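Reviewing the structure listed below.
The values are calculated or read from the model by the stated rules, or taken from the named source; none is laboratory data. Not measured: the values here are computed from a predicted model. Glycine also receives a Cβ, built like all others from the backbone with ideal geometry; neighbour counts cover every protein chain displayed.
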Amino acid sequence: MKFAERAKQLQPSLTLAISAKARDLQQQGEDVCSLSTGEPDFKTPSFICRAAEEAMEAGHTRYGPAAGLHALREAIAHKLQNENNLTYGPNQVMVSNGAKQALYNLFQVLLDPGDEVIIPAPYWLSYPPMVHLAGGRSVIVPTRQDENHQLGAAALAAAITSRTRLLVLNSPTNPTGTVYPKQALVDLANVLRQHPHVAVVSDEIYEYILYDHNRHVSFGAVAPDLMERTFVVNGFSKNWAMTGWRLGYLAGPRSVLDKAVALQSQSTSNVCSFVQYGGLAALRGSRECVHAMVAAFAQRRRLVLQALESMEHVHGLAPQGAFYAFLNIADTNLDSVVFCERLLVEAGVAIVPGAAFGDDHTVRLSFATDITTLKQGLERLQTFLAGL
Ligand SMILES: Cc1ncc(COP(=O)(O)O)c(C=O)c1O
């Protein structure tokens, strides 16, 4: 069978593939600690599940508006105003099948062949394939560990060309755990002011998962004058432990949003109707459940940081947000795929090679798992490293 040009390079998501491989091995009776997943191990809070069940019972089981349930779009606009200081009306919000589809639709409606998208590395692994599928070209800009993996103003300015269409920002960042402070965003906004042809999309999917004194600042809040070219992507997967619900959203200028909604209406029609009532309950409800999950992540993060102190050959920064430890393995002289394969086969621990995130000297360890598995995985990693 002949494939379309755009499908030729297409590969399944490596993180999903590794988690699936770890699960397969476990099902075959192998003793595997999976520290690879990008999802909270908690159950979705029950008040959210109940809201979706009640919606189903009440008959909200039919097609709905392509842009999403009006009440949910209103609640999202309200949340963006109150929590992020961003002014969007409900008609500037589209509910999507996860943050993933929000990004996918945005790239599809903004990019022409050859248009460039600036992506700071290490990056979430789905950005470049999504850009490619839209015909765009990813311009990967490396960041440095000793600069806390933040994209700096000078690096951004140097990457912009006449073909640049979009900058992708992600804070808190997957996989590095970086949280951009306000000043860093102000500096980036100053660069963008000099380049009116460049828009920005801010992926804020981990916004509540913060440690120590780190605060989440939305890019749009520091640059209200750039709102006409600022997009926000967010969702329910990470913050409310709702990965399987597939519920996210995009907010931005009306004209682009209308196109993204038109694309949705021609492709997936609408997000599952009763699922959206779960999202509505999440937004209207107290954030207590989120705080409890973040407190559990913070405890696990402390465990990881303690364990890392006594590990040989690896080092990394303490994550400021999200639920990943991002480790530099350059001292092992192994590339990241070989490192992860050996760790899985020889020690029974699944983690993700940094090659997937654009940095082959690193690996990503997720601590979104129970304490017993985490402790066992860390002990095995320690033994594996000591034996190298
Ligand atoms: C940075 C980032 N953005 C977006 C997503 C996609 O989230 P969703 O489950 O809402 O599609 C993920 C999921 O891993 C992510 O890490």
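Going through VAL345, VAL304, VAL337 one at a time, which residue ends up being free of Cβ contacts under 8 Å to residues at least 60 places away in the same chain, touching a Pro at 6+ places or on another chain (Cβ under 9 Å) and either outside any helix (DSSP H, G or I) or more than 16 Å from the ligand (Cβ to nearest atom) (or both)?
VAL337
Those residues that are among the small types (Gly, Ala, Ser) and crowded, with 24+ Cβ neighbours inside 10 Å, I need them from region 167-203; list them, please.
SER171, GLY177, SER202
I'd like the full set of residues that are of a type outside the set (A, V, I, L, M, F, W, C) and touching a helix residue (DSSP H, G or I) at 6+ places or on another chain (Cβ under 7 Å), limited to region 153-188.
Those that are of a type outside the set (A, V, I, L, M, F, W, C) and touching a helix residue (DSSP H, G or I) at 6+ places or on another chain (Cβ under 7 Å): ARG165, PRO175, LYS182, ASP187.
Please pick out the residue among LEU317, LEU344, LEU334 that is modelled with pLDDT of 95 or more and either farther than 20 Å from TRP124 by Cβ or out of contact with any Ser or Thr (no Cβ under 7 Å at 6 or more places or on another chain) (or both).
LEU334
Scan region 255-267 and tell me whether some residue there is of a type in the set (Val, Ile, Thr) and either within 16 Å of the ligand (Cβ to nearest atom) or under 19 Å from the mean Cα position of the chain (by Cα) (or both).
Looking for residues that are of a type in the set (Val, Ile, Thr) and either within 16 Å of the ligand (Cβ to nearest atom) or under 19 Å from the mean Cα position of the chain (by Cα) (or both), one finds none in region 255-267, hence no.
Among the residues of region 238-254, how many are assigned to a helix (DSSP H, G or I) and away from the ligand (no atom under 16 Å from the Cβ)?
Total meeting the criteria: 1.
Name the pairs: first residue in region 109-126 and free of Cβ contacts under 8 Å to residues at least 24 places away in the same chain, second residue away from the ligand (no atom under 15 Å from the Cβ), Cβ to Cβ under 6 Å, at least 6 apart or on different chains?
Once the first residue is free of Cβ contacts under 8 Å to residues at least 24 places away in the same chain and sits in region 109-126, its partners that are away from the ligand (no atom under 15 Å from the Cβ) give PRO113/GLY135.
Where in region 122-237 are there helices (runs of 4 or more DSSP H), lying fully within it, with 3 or more residues that are aliphatic (A, V, I, L, M) and within 16 Å of the ligand (Cβ to nearest atom)?
Hits in region 122-237: 127-133.
Of all residues in region 79-109, count the ones that are in a helix (DSSP H, G or I) and either buried (at least 21 other Cβ atoms within 10 Å of the Cβ) or near the ligand (Cβ under 9 Å from one of its atoms) (or both).
Matching residues across region 79-109 total 13.
Could we say that ALA325 is in contact (Cβ under 8 Å) with a residue 24 or more places away in the chain and surrounded by 17 or more Cβ atoms within 10 Å (Cβ to Cβ) here?
Yes.
Which of the numbered conditions does SER273 fail, given that it passes all the others? Conditions: (1) assigned by TED's automatic domain parsing to the domain that holds ASN234; (2) within 16 Å of the ligand (Cβ to nearest atom).
(2)
If I ask for residues that are among the aromatic types (Phe, Trp, Tyr) and either modelled with pLDDT under 95 or surrounded by 24 or more Cβ atoms within 10 Å (Cβ to Cβ) (or both), which ones from region 207-221 would you list?
PHE219
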